[in-house]
Every structure is written in structure tokens, then in C-alpha cells.
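Q: Structure below; questions to follow.
The values are calculated or read from the model by the stated rules, or taken from the named source; none is laboratory data. Quick caveat, the model's predicted, so the values are computed rather than measured. Every residue, glycine among them, receives a Cβ derived from its backbone with ideal geometry; neighbour counts consider all protein chains shown.
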Amino acid sequence: MTNTLHYRLGIDIGGTFTDLAVVEEATGKTLTFKTPSVPSDPARAVFNGIVQLRDEYGIAPEQIRYFVHGTTLGLNTLLQRSGATTGLLVTRGFRDVLEIGRLRLPDPTNYYVERIKPLVARRHVREIDERLRVDGSVLEPINLDAATQAARDLMAQGVTSIAILLMHSYRNPEHEKLLADHLRRELPELYVCASHEVWPQQREYERGLLTTINAFIGHRMRTYFERLEDDMSKVGMRATVLTTKSNGGVMAAASAATSPVETLLSGPASGAMGALMTGTTSGNRKLIGFDMGGTSVDIAIIDGDMLYSTESRLGDFPLIMPAVDISSIGAGGGSIAWLDAAGILKVGPQSAGAMPGPASYGHGGDKPTVTDAYVKIGLYSPERRLGGGLRLDKARAEAALETLAKPLGMSTAAVAQSILDVTTANMYAQFMPLMARKGLDPRDFRLLAYGGAGPQHAFLLAQEVGVEAVMVPASPGTLCAQGSLAADFRQDFIRTMPGGHPDADALISGFAEITQEAQQWMDTQPVDIVERHIRLSADMRYHGQSFDLTIPVEGDQFEAARLPALINAFHTAYERIYGFSDQNGAIEITNVRVAVLGTTAKTPQIMLTEKVAPGTLATPREYLSITDNGVEVHAGFYERALLHSGHQIEGPAVIEAPDTTIYMPGGFTAEIDDHGNLIGRLRAKGEQA
């Protein structure tokens, strides 16, 4: 490779490995590889990958013109509650806004559910003298001196980050602006953020929680992004450092340092965008993304376009900021199998993690996991090495499974099959209601398997839920890194509507105001934008309801003539989801939304050049004994690199690739399409042997 070539680099930082996807701009030729992650210093893994790219593949950092990455650092910091000691400044009288929350039980049938511990201790909440009326007018001016003293008192107690939540700031942010600016001048060592800067939507608890999360993870994320930018500069990379966002877009790392809450689902969203990219290039626009990791499976649904949610939940915390609609179900490859008090086999939610990991990793783990079950049923050939050169130890997997086999009175092979059956049943029990809540039929979709473990379990779930087919992309283990390159710049804006009545003039004004903000935001972005698009939507509900449906609005600006069509679209959406609608019911429009998208230049898509006649049976490298649905059979083992467009494979089969292992049980037939995707379908009963 010569120095005249230029590249686009996508990186996904995982718990065990950091995935890199490098695309040559002129041809679309793609190189993917993995490097070990450094959990204590995520930026170091990126630096190591850049050095490896230079030293082993001859691609200099100066040749990279576009660099975007995804990380779960913010998410892990939140879920592990390892962020900064955070304080909260609130309007007097609202000290317990985080303590009270919404008073909803996560499980209405469980009266012994544990109370959720707020991110901010009550002793770190201070009340501020100020008050706005509901229309945004000033009832009581803000006392900046007293507020500053309250912040100093919190600092004396070890607080390093401050969140500001003042009543009705979504309507008039003036008091929050004055206070935030004043604290940043007087106390520059504090990390300060205000709710109107993070997400100016009515709902003081959710808005306050989002702002608190931003403050809680902000210091660590700012340090990470600054360190990453410094490392990239030192290694000679001149490209702007970008990061993926929860909403499936990208933003500059410098911007993410001030609003890190937007990156909470950065990693999973990258995978979802990779799934959308795969579906778009292959002509499949009804997909269920199936990303199986070490702890759970992330499900993302593509129904023509990516589905988004404004009611996400991460651990204990609801998030009202728009995000790719990702749901976690079932168990992951590292989930531990165990027996409950009645001697019933359970799988998860506890996970062996990346370290020590499953027993078969040989890193000190001794508890049986889903991965150990895969090893026992024979999915890994004796000489098989995983990413990073890891060779799985079948004897250690056997020993771990034996701890369950004895009390259950079963063979280790039967225990392994049972672990996989329970894992599949757990997924099924959560997957089917998930689809029903969205008003979708699994039979209309393909299951797109990616991630390190997704292709190993996707066919097992598929034969239970009845999807149309299973699809495994050409490089499923690095699809998140590739997906980050497919994402475009995106920012969401919102305004709460006064009164909530569907008034055309108010809607025109609201949409126009935030559209102008959206255009101004796009003008400031640090890369060349090829095209920009404006998407409008409105949050709607029937009068008296507490929950909204977000309804798209046609066109890039709102006109009074579009109001009847918007109302009809709400009735239609409501009936699709809930089975009925009230055509004469009073409707409220609570918020208007604008999403601005800036598309960047994309590289050419590569089709497979090596082809065989359609239906040509591929030749396995060898046949090995595996346990397929509890029965010992001989399965063909294939090398994915030797499969070409038109090849057909009959199950049971195991397809080995550098980044994953694909397990296709008996009863399935798969073919390779022109894009390198493996597409498997369950044979009709009359066709099965």
C-alpha cells in the first residue's frame, strides 16, 4: 500500500477485544482485525490498534482521513456506579425529585422489590432560591451568591460534578444559564451541566435524572476523550476524532466531552447501524439484529428503517433522550449456569465476564457457562483458535460442567445441551412479548446475527420463533466497527408544547424554532457533509393519558394543511400497537421534535468476485462429531474464507471464521449471496432427512 491511498477507520471498544475496520476510500476494500482491550485505559487499546495498523499492515496514521469509534465506557460507568461524586442543585421545594421518581414498581406483582438508590445522595442535594412560573415568566429571581455557596459546601464534601435542575427551565432556561455560567467562572474545577443543555423536555424527574447521569459520567468521559485526542495527535493522525451516539449518529469527541450522556449506547448503536447497512446493501429492510455478547443479547429491529425509542431504560434508570431501540434479552456467552434451591437449572444473569471468563478460557474461571456448553457439544475443532490466539480448553469446560452433572444425575453432554436449551428458552420468553409489544410478527423478518457469539446461537433461537431466515454478514465479529463508519452525523432537538392542544400556529412556530437550531448545529460540524436532511415528528396521546407515541411528520417543515394527516397517522399507529383507536377522542401534542442528519461520503460497496453456480454444495474441510439437539452426529466443518457466492451448505454444519463461529443445526440449509452474507433457512419437514 502506498502513502497516496486514504482510509476510513471505524473502531468498537469491547470488554475483551477492540475491533478495527479499515476501509480504502477509493475502492471500498475492507480490512478488519482485533486487538486486546485495556479495560483500565480504553484509549490505550485504540492507540495500540493504530500502531498495529501501521506496523503490521503498512497503513500510516496520516493516511486515515475519517475516524469514528464506539465505546461502552459511559454505559459501564453508569451501570457499575463508578462515576464522580455528584451534587444536584434544585429549585427550593424539590429536593427529593430523584428520591420520589415516578413511584412506579418495575414489577407490579413483586411487593418486595428493592428501592432504587439514586445516583446523588440526598445529603448532596441543595435547594436554590429561584422560581419560574409554568409559562417561563420569573416569579422569584435567582440568588447566585447563595447558589455558589451551596456548590462550595458540596465541594467540601467531596463533590466534583454538579447537575443543575430548575423548575420549568425547558420553557425558559435563563436561570439555569446564569447559574451554570457563574459556577464555571467561579469554580472552574467543577464539572457543571444544566438540564436545558442536556435535554430541555418537560418531566422534571426524567430531565433531572438525565442531567445527573451526564454529570456522573462526565468527568471520566471528558478525561477519556481528551486523552484519546491527545494520543491520536501524538501518533500522527490528523483526522478529527468522532464518536458514535445512542441515536445512531456520530458527533465530534470534543462535543461528546460536554454531553457524554448522548454516547451511553454508543457501542450497541454502532452494531444496529451495521445491521441497517447490511440490510440496505443486500436489499433486506426487515431485520432483527441479534448481537450476543458475554452477558446478554441486544435486539435491534429494522422495519424499513431503524426503530427508535424515547423510553429507553439502562439498568435502574429511564432515559427520555432519543436512542436506537435496543432491548436486552436472555443470556450471553459468559452467562453462568447454576442450580436454584429446588435443583432447577438456571442460566444467568450472573456472568463470568471477560476475566476470568468461561472455564474453557483457562484464565481461572471454574463456573460452567454457555460458552463451555458450546465447547462440550463440539463447536470448536481441536486446533481452533479464537481472536487473540485463544485456544479453548475442553477439559476445563468438562470439569466445570461436571459440577452440575453430578447433582442433576446427568452426563456432561446432556448438561451442555440443557444449558443451551434453557438459554434459548430464556431468549424466547422475552423475544416474543417484545415483538408483540411493537405490533410485529417475527415471521416477516430475518434474524441478523453478529457479535462474537451471535452466529453460534441465532439458528437455535430461529427454529423456535419462526423467523423467515437467519442472516450472518461477511464479518459479523466486527460489524459494530463497520457500523460506526456507516453512521452519519445526527442531532435531536425537542420543544414541549404549551397546553398540548393540536394548534397549527403553535406547531408551525415550534417546529420552525428548533429547525433553525438544528441547521445551526449542522453548520458547526467538523467534517464535510454531503447532504443534510430534516426529520419532523410529534409526541401525541389521547387526552388524560400519561404516555406518548412519536408520530413522523411528512416533509421538512410543518404546514397547517398537514395537521389532519398527522392526527390520522396517530390513530393508525395507536390501533396498530394497541388494537383499537378512538377516532373521536381528544388528542394532545406534548412535544415537537426535529432530527437533523448530515450524510458523509461513503465508500463503494464490494460484491464477491468469486462465484460458483447457484446451489453448488460447498466441500467441508473435515467432518467432526458434535451433539446436535441432544444427538451425536457428524457435522461438516467449513472455512468461511473458502465459501463463495452461490455455495450451499446443509446442516448440521460449523462454519469457522477469524472473528466468529457459525453453528447451523440439522434441518437448515444455507447459501452465500453476492455480498458474502450467509443466509440460512429451515427446510420444510418433507425435505428434512
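Q: I'm checking my understanding of the structure. Among residues of region 534-570 that are in contact with a Pro (Cβ under 9 Å, 6 or more places away or on another chain) and of a type in the set (A, V, I, L, M, F, W, C), which one is farthest from Leu307 (Cα to Cα)? Explain how you work it out, then say what you get.
A: Initial filter on region 534-570 (in contact with a Pro (Cβ under 9 Å, 6 or more places away or on another chain)): 535-538, 540, 550, 563, 566-567, 569.
Still in the running and of a type in the set (A, V, I, L, M, F, W, C): 536, 538, 540, 563, 566-567, 569.
Numbers: Leu536: 15, Ala538: 15, Met540: 17, Leu563: 23, Leu566: 19, Ile567: 21, Ala569: 17 Å.
By that ranking, first place goes to Leu563.
Q: Among the listed residues Phe511, Phe493, Phe547, identify the single one that is assigned to a loop (DSSP other than H, G, I, E, B), within 26 Å of Ile320 (Cβ to Cβ) and among the aromatic types (Phe, Trp, Tyr).
A: On the way: Phe511 fails: assigned to a loop (DSSP other than H, G, I, E, B); Phe493 fails: assigned to a loop (DSSP other than H, G, I, E, B).
Within the list Phe511, Phe493, Phe547, the selection yields Phe547.
Q: Answer yes or no as to whether Leu460 is surrounded by fewer than 21 Cβ atoms within 10 Å (Cβ to Cβ) and under 30 Å from Ile11 (Cα atoms).
A: It is true that Leu460 is surrounded by fewer than 21 Cβ atoms within 10 Å (Cβ to Cβ) and under 30 Å from Ile11 (Cα atoms).
Q: Continuing with this model, one more query. Of the residues that make up region 148-158, is at least one in contact with a Leu (Cβ under 8 Å, 6 or more places away or on another chain) and assigned to a loop (DSSP other than H, G, I, E, B)? I'd like the intermediate steps shown before the answer.
A: Taking region 148-158 first, the residues in contact with a Leu (Cβ under 8 Å, 6 or more places away or on another chain) are 148, 150-152, 155.
So of that shortlist, the ones also assigned to a loop (DSSP other than H, G, I, E, B) come out as none.
No: zero hits.
Q: Can you tell me which residue among Asp129, Asp135 is modelled with pLDDT of 95 or more and surrounded by fewer than 19 Cβ atoms within 10 Å (Cβ to Cβ)? Spell out how you get there, then give the answer.
A: Working: Asp135 fails: modelled with pLDDT of 95 or more.
Every option except Asp129 fails the conditions.
Q: Let me ask something additional. Please state which one of Gly615, Gly598, Gly630 is modelled with pLDDT of 85 or more, under 33 Å from the mean Cα position of the chain (by Cα) and among the small types (Gly, Ala, Ser).
A: Gly598
Q: Of all strands (runs of 3 or more DSSP E) completely enclosed by region 1-106, which ones contain at least 1 residues that are among the basic types (Lys, Arg)? Spell out the reasoning first.
A: On the way: elements: 7-13, 17-24, 30-36, 64-71, 86-91.
Strands (runs of 3 or more DSSP E) meeting the threshold: 7-13, 30-36, 64-71.
Q: Continuing with this model, one more query. Working only within region 583-602, note down all residues that are in a strand (DSSP E or B), of a type in the set (D, E, K, R) and over 14 Å from Pro502 (Cα atoms).
A: Kept after step one, since they are in a strand (DSSP E or B), are these residues of region 583-602: 587-599.
The next check asks that each one be of a type in the set (D, E, K, R); those that pass are 588, 593.
Matches in region 583-602: Arg593 only.
Q: Looking only at helices (runs of 4 or more DSSP H) that lie completely in region 342-452, which have at least 1 residues being at pLDDT below 95 and surrounded by fewer than 15 Cβ atoms within 10 Å (Cβ to Cβ)? Can you show your working first?
A: Details: elements: 370-377, 394-408, 412-437.
Ranges flagged: 394-408, 412-437.
Q: Report whether or not Ser169 is polar (S, T, N, Q), over 22 Å from Ile494 (Cα atoms) and crowded, with 21+ Cβ neighbours inside 10 Å. Walk me through it before giving the result.
A: On the way: polar (S, T, N, Q): yes; over 22 Å from Ile494 (Cα atoms): no; crowded, with 21+ Cβ neighbours inside 10 Å: yes.
Against the criterion (polar (S, T, N, Q), over 22 Å from Ile494 (Cα atoms) and crowded, with 21+ Cβ neighbours inside 10 Å), Ser169 does not qualify.
Q: From the set of residues in region 257-315 that are in contact with an Asp or Glu (Cβ under 6 Å, 6 or more places away or on another chain) and acidic (Asp, Glu), which is modelled with the highest pLDDT?
A: Ranking the qualifying residues of region 257-315, first place goes to Asp291.
Q: When residues of region 83-118 are filtered for being out of contact with any Phe, Trp or Tyr (no Cβ under 7 Å at 6 or more places or on another chain) and on the phi > 0 side of the Ramachandran plot, how many remain?
A: 2
Q: Quick test for you: out of Thr18, Thr85, Thr27, pick the one residue that is in contact (Cβ under 8 Å) with a residue 60 or more places away in the chain and within 25 Å of Lys245 (Cα to Cα). Give the derivation first.
A: On the way: Thr18 fails: in contact (Cβ under 8 Å) with a residue 60 or more places away in the chain; Thr27 fails: within 25 Å of Lys245 (Cα to Cα).
Just one listed residue meets the conditions, Thr85.
Q: Could you say whether any residue in region 189-196 is of a type in the set (Phe, Trp, Tyr) and either crowded, with 23+ Cβ neighbours inside 10 Å or more than 20 Å from Phe94 (Cα to Cα) (or both)?
A: Here is the first cut: in region 189-196, the ones of a type in the set (Phe, Trp, Tyr) are 191.
Keeping just the survivors that are either crowded, with 23+ Cβ neighbours inside 10 Å or more than 20 Å from Phe94 (Cα to Cα) (or both) gives 191.
Looking through region 189-196, at least one residue is of a type in the set (Phe, Trp, Tyr) and either crowded, with 23+ Cβ neighbours inside 10 Å or more than 20 Å from Phe94 (Cα to Cα) (or both).
Q: Which numbered condition trips up Pro620, out of (1) assigned to a loop (DSSP other than H, G, I, E, B); (2) touching a residue at least 40 places away in the same chain (Cβ under 8 Å)?
A: Against the list (1) assigned to a loop (DSSP other than H, G, I, E, B); (2) touching a residue at least 40 places away in the same chain (Cβ under 8 Å), Pro620 comes up short only on (2).
Q: Taking into account only those residues within region 464-513 that are among the aliphatic types (A, V, I, L, M) and in contact with a Pro (Cβ under 8 Å, 6 or more places away or on another chain), which is nearest to Met277 (Cα to Cα)? First the steps, then the outcome.
A: Here is the first cut: in region 464-513, the residues among the aliphatic types (A, V, I, L, M) are 465, 467, 469-472, 474, 479, 481, 485-487, 494, 497, 504, 506-508, 512.
Imposing the further condition that a residue be in contact with a Pro (Cβ under 8 Å, 6 or more places away or on another chain) reduces the set to 465, 467, 472, 479, 494, 506.
Working: Val465: 24, Val467: 20, Val472: 13, Leu479: 10, Ile494: 27, Ala506: 37 Å.
Only one residue tops the list, namely Leu479.
Q: Would it be correct to say that Gly454 is more than 30 Å from Ala586 (Cβ to Cβ) and among the small types (Gly, Ala, Ser)? Steps first, please.
A: On the way: more than 30 Å from Ala586 (Cβ to Cβ): yes; among the small types (Gly, Ala, Ser): yes.
For Gly454, the condition - more than 30 Å from Ala586 (Cβ to Cβ) and among the small types (Gly, Ala, Ser) - is met.
Q: Would you confirm, using the coordinates I've provided, whether Ile529 is assigned to a helix (DSSP H, G or I) and not assigned by TED's automatic domain parsing to the domain that holds Ser246? Walk me through it before giving the result.
A: Numbers: assigned to a helix (DSSP H, G or I): no; not assigned by TED's automatic domain parsing to the domain that holds Ser246: yes.
Criteria not met by Ile529.
Q: Tell me which residues, restricted to region 484-516, are under 12 Å from Ala595 (Cβ atoms) and not aromatic (Phe, Trp, Tyr).
A: Asp488, Arg490, Gln491, Asp492, Ile494, Ile514, Thr515 - these are the residues of region 484-516 that are under 12 Å from Ala595 (Cβ atoms) and not aromatic (Phe, Trp, Tyr).
Q: Okay, next question. Any residue in region 555-566 that is under 30 Å from Met321 (Cβ atoms), at pLDDT below 90 and either aromatic (Phe, Trp, Tyr) or not in a strand (DSSP E or B) (or both)?
A: no
Q: Can you tell me how many residues within region 66-101 are under 27 Å from the mean Cα position of the chain (by Cα) and surrounded by 11 or more Cβ atoms within 10 Å (Cβ to Cβ)? So that I can check it myself, show each step before the final result.
A: Of region 66-101, the ones under 27 Å from the mean Cα position of the chain (by Cα) are 66-86, 98, 101.
Add one more test, that the residue is surrounded by 11 or more Cβ atoms within 10 Å (Cβ to Cβ), and what stays is 66-79, 81-86, 98, 101.
Count: 22.
Q: Out of all the residues in region 518-543, which are surrounded by 15 or more Cβ atoms within 10 Å (Cβ to Cβ) and in contact (Cβ under 8 Å) with a residue 60 or more places away in the chain?
A: Initial filter on region 518-543 (surrounded by 15 or more Cβ atoms within 10 Å (Cβ to Cβ)): 518, 521-522, 525, 527, 529, 532, 534-542.
Scanning region 518-543 gives Ala518, Trp521, Met522, Gln525, Val527, Ile529, Arg532, Ile534, Arg535, Asp539.
Q: Can you run down the residue pairs with Cβ atoms below 8 Å, 6 or more apart or on separate chains, where the first is in region 430-456 and closer than 23 Å to Thr661 by Cα and the partner is among the hydroxyl-bearing types (Ser, Thr, Tyr) and assigned to a helix (DSSP H, G or I)?
A: Within 8 Å, the pairs are Leu448/Thr278; Ala453/Thr371; Gln456/Tyr374.
Q: Need a quick list: helices (runs of 4 or more DSSP H) entirely within region 166-279 having at least 2 residues that are among the hydrophobic types (A, V, I, L, M, F, W, C) and in contact with a Lys or Arg (Cβ under 9 Å, 6 or more places away or on another chain). It would help to see each step written out before you state the result.
A: Numbers: elements: 174-186, 195-198, 204-235, 253-256.
Output list reads 204-235.
Q: Look through Ile100, Ile164, Ile116, Ile142 and report the one residue that is touching a helix residue (DSSP H, G or I) at 6+ places or on another chain (Cβ under 8 Å) and at pLDDT below 95. Quick ask: steps written out before the conclusion?
A: Values: Ile164 fails: at pLDDT below 95; Ile116 fails: touching a helix residue (DSSP H, G or I) at 6+ places or on another chain (Cβ under 8 Å); Ile142 fails: at pLDDT below 95.
None of the others qualify; the one that does is Ile100.
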